[in-house]
Structure formats: C-alpha cells, structure tokens
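Asks: Starting off with a structure, shown below.
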Amino acid sequence: MKKLHFKRGYEIIKQGTVSDCAYIIESGSVKVSKTLNNGEEKLIAILEENDIFGEMSMIDSLPRSANVVALEDCTISLMTQEIFDSLSINNPKALMPMLRVLARRLRNNLELVENLENQKS
C-alpha cells in the first residue's frame, strides 16, 4: 500500500466528494466531523494509529459522508479499490479488521438512535 503524509490541519476527506479508497492511520491522529445542513460542524470521532476511515465510500461508491482533517502530522496507508478487490478474492480474512470497524460503528449508531428515542419518551 502507498504511504501518504499529511500535515496538521490538512483536509484529507471532504464531505460529499466521490472517491473509492480507504485510509489506515500509521501514525498521527485525525478528526472526523460532519457538516450539518445549518452549516454547523458536528464531531463524529477522533481516530488514531491503526484506525481506518473512508471505507464506506470504497464499499458502496457513494459520496463521502464526513470530513476528515489531520490533527497532527500523519502517515497514512492508502487502500485502493484494486487492493480491496484483490484481498476480497485472494485473502478475505485480511478484511476482517475493516468489517469489525464497520460493525462497531453500526452498533454505535444504533445505540445513538436508541438513546435519542429514549430522550423523546
């Protein structure tokens, strides 16, 4: 995988753009946020070493759902669609960390929805 270097403050992903790659943080940290319809920025997560981001667009080919900005200088590995497809055919077990991330994020979102529903009651 190709290694990329981003300086602190660099916008790695812009919400709404189209792309077909994912990123794995080798060093440094990033901020994941979403720009709401009213222009407000909502913090989603702080990701650090060994975390992955950008995987949803690589899998579903839809526009990026959030912004990602480097909080410090970062070294990040780029997983292209070609690498993902090759792993899915030749070494599907290598994709388990990404599937675990997706499952964890889905569970977190379901918990958030449940908490919001409980607040309405």
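The values are calculated or read from the model by the stated rules, or taken from the named source; none is laboratory data. Here the structure is a predicted model, which is why all the values come from computation and not from measurement. Ligands, DNA and RNA are stripped out before the accessible areas are found, and what is left, the full protein with its side chains, is counted by its heavy atoms. Shrake-Rupley method; radii C 1.70, N 1.55, O 1.52, S 1.80 Å.
Asks: Keeping the other protein chains in place, figure out the carbon and sulfur percent of the accessible area of the chain, with a 1.4 Å probe.
Replies: Values: 4300 of 8110 Å².
In the chain, the share of accessible area belonging to carbon and sulfur is 53 percent.
Asks: Rounded, prolate or oblate: which one fits the range 1-64, using the alpha carbon gyration tensor with axes a ≥ b ≥ c (rounded when a/c is under 1.5, else prolate when a/b beats b/c, else oblate)? Write down the numbers at each step before the final one.
Replies: Values: a/c = 1.91, a/b = 1.22, b/c = 1.57.
Oblate, since a/c reaches 1.5 and b/c is not below a/b.
Asks: Accessible area per residue of the range 63-121 at 1.4 Å probe, in Å²? Before the final figure, lay out the partial values.
Replies: Values: 4110 Å² over 59 residues.
Roughly 70 Å² per residue, with all protein chains present.
Asks: Another question, then. Would you list, by chain and number, the lysines whose Cα falls below 17 Å from the Cα of K7, excluding same-chain residues fewer than 8 positions away?
Replies: K31
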